Each structure stands twice: as C-alpha cells, then as structure tokens.
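Have a look at the structure below before the remarks.
The values are calculated or read from the model by the stated rules, or taken from the named source; none is laboratory data. Because the structure is predicted, anything quoted here is derived from the model rather than measured. Note: ideal-geometry Cβ built from the backbone for every residue, glycine included; neighbour counts use all protein chains shown.
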C-alpha cells in the first residue's frame, strides 16, 4: 500500500448534548469499528488520556466512553502557538442484542482505547419435553 | 458576579480560551513553515524555555524520529492502523500514513538540551532556549 499523505483531522466537537457546569470542551474521539468472527472491536483515539481518567460503561444497551482532561500537565504553561484545542472526550454507541454486554474488555495503549465486545452466543435451541 | 464559584474553573477556562485565541496566531508568519501538515503542534512557554506538545496516538515509537537544529525541529514517523486479516470494517475514522513535518521557531534553541518524551499518545518536546537568546537584565547605573 503506497503511503498516503496524512491529513490533519480537525477535532469534532460534541453537539446536541446538555451543557456541562464546567466550561470545558468535549470532543468526539475518532473511532474505527471492525468485526471478526467472535467479537466487535472498537478503537478510539484519545491522546493524552491515562487509565485513571477514562470511564467505560454500558447502560441500557448503550456503551459510553468518557474521559476527563488532566489539567495538571498544563499548569504553568503559557500558550504561544496552538493548532489544536484540548478537552474531554465522550462518545456513545448503541449496542445491539448480538453483543454480550457483560463481557466487554478494554485496553488503553498510547492514547488508543481498544474495546473488545464479545458477540453473544446464539440462543441454543432447547428441546421441550412433552410430559 | 460570585467569584467564589468561578475560581476553581478559571484556570481551565482561561487555558481553553487561550488555546482558541492562538489558533489564528501569526507567530510563525515570517518563517517558511506554517500550520497545515500533520501532526498538529501546540507550543507553550514554560519560564524561558519552550514546550511543544504534539498529539500522536497509536504511533510505533521505533518509527518516530525527532531532529533538532538551532531553530528548527523535524518530526517524522509512521502512523499505522493495522487490522488483522479476515475482519469486516464497520467504520473507519482514524487516519494512517507517514508524516514528516518541520517547524521552525522564532527563537534559538540549545540542541543538546532538547528532550523528547512519548507517553499516552502525546509527544512532548522540551526545548530549552540557547544562552545567547535568553533575555539579559541590564542594570541601570
């Protein structure tokens, strides 16, 4: 595959949500979703996020991924020249019944969060005894 | 205005506002380099030294090269997004490819003192200013 020119992606800001009490921006992390035989993999790019600042949970069939900005790193720094803004990350996906919602694995490496969603076992046909 | 409630968030609000304000900064205006190429860089001042923060999630550290001269920095590497064979892609929003960007700064740096750190998808470059370039106080006799 020939190397293509990397384009700068402008961060997408979350819209249509309720406002926060703190005036911090929330961005949508870019997501790659692909499916293999047993699971669905979701990869989210959230640079600068450490394990302790990210929260993944499932509620009512919706998968939520939220991360908080760590302001401590920016203490005492004066911006001189900026090309991107920083903020929290948040994204949610509606899961279908085909996903086993109790078996979700998450891994965070180099700012990329990989979620592995196991597919639910197909309901096995049960024979019904006739008494 | 009730300042008691605003205080704890003021630092964050000011930071975000300052970042926005400098998006249209003309700091690099008379250099050959400017914004546009990947990756996007934020440059901060820490005391008299500079700190460049670059967002590079999912980079193979072994392919990352950082070179520095007196006032230019070159960052090159490869951002790979690899899928195993036999998968079906539902959504593809991440970008992948090679990048090679040079940024020239309007200050002179000390090339030996430059330190680079890559952690959690963030490349941080500590850029100390050269002794020649630091402002010197002049006593008034």
Filter result (assigned to a strand (DSSP E or B) and either modelled with pLDDT of 90 or more or more than 14 Å from chain B (Cβ to nearest Cβ) (or both)) within region A:95-108 = A:100, A:101, A:102, A:103, A:104, A:105, A:106, A:107, A:108
Pick out the one residue from A:37, A:25 that is surrounded by fewer than 16 Cβ atoms within 10 Å (Cβ to Cβ), at the interface with chain B (Cβ under 10 Å from one of its Cβ atoms) and at pLDDT 80 or above.
-> A:37
Mind listing just one residue for me: the one in region B:60-72 that is buried (at least 16 other Cβ atoms within 10 Å of the Cβ) and modelled with pLDDT of 90 or more and, of those, nearest to the other protein chains (Cβ to nearest Cβ)?
-> B:64
Which of the strands (runs of 3 or more DSSP E) contained wholly in region B:34-77 include at least 1 residues that are under 23 Å from residue A:69 (Cβ atoms) and in contact with a strand residue (DSSP E or B) (Cβ under 6 Å, 6 or more places away or on another chain)?
-> B:41-46, B:49-55
Which one of B:84, B:39 is modelled with pLDDT under 90, under 14 Å from the mean Cα position of the chain (by Cα) and within 25 Å of residue A:108 (Cβ to Cβ)?
-> B:39
Can you find a residue in region A:60-67 that is within 30 Å of residue B:105 (Cα to Cα) and part of a loop (DSSP other than H, G, I, E, B)?
-> no
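Here is a yes/no grid of residues against (1) touching a residue at least 60 places away in the same chain (Cβ under 8 Å); (2) crowded, with 17+ Cβ neighbours inside 10 Å; (3) farther than 22 Å from residue B:118 by Cβ:
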position: A:48; (1), (2), (3): yes, yes, no
position: A:52; (1), (2), (3): no, no, no
position: A:59; (1), (2), (3): no, no, yes
position: A:65; (1), (2), (3): no, yes, yes
position: A:90; (1), (2), (3): yes, yes, yes
Residue by residue through region A:28-44, note down the ones that are outside any loop (DSSP other than H, G, I, E, B) and within 8 Å of the chain's Cα centre (by Cα).
-> A:31, A:42, A:43, A:44
Considering (1) crowded, with 20+ Cβ neighbours inside 10 Å; (2) within 7 Å of another protein chain (Cβ to nearest Cβ), say which one residue B:75 fails and leave the rest.
-> (2)
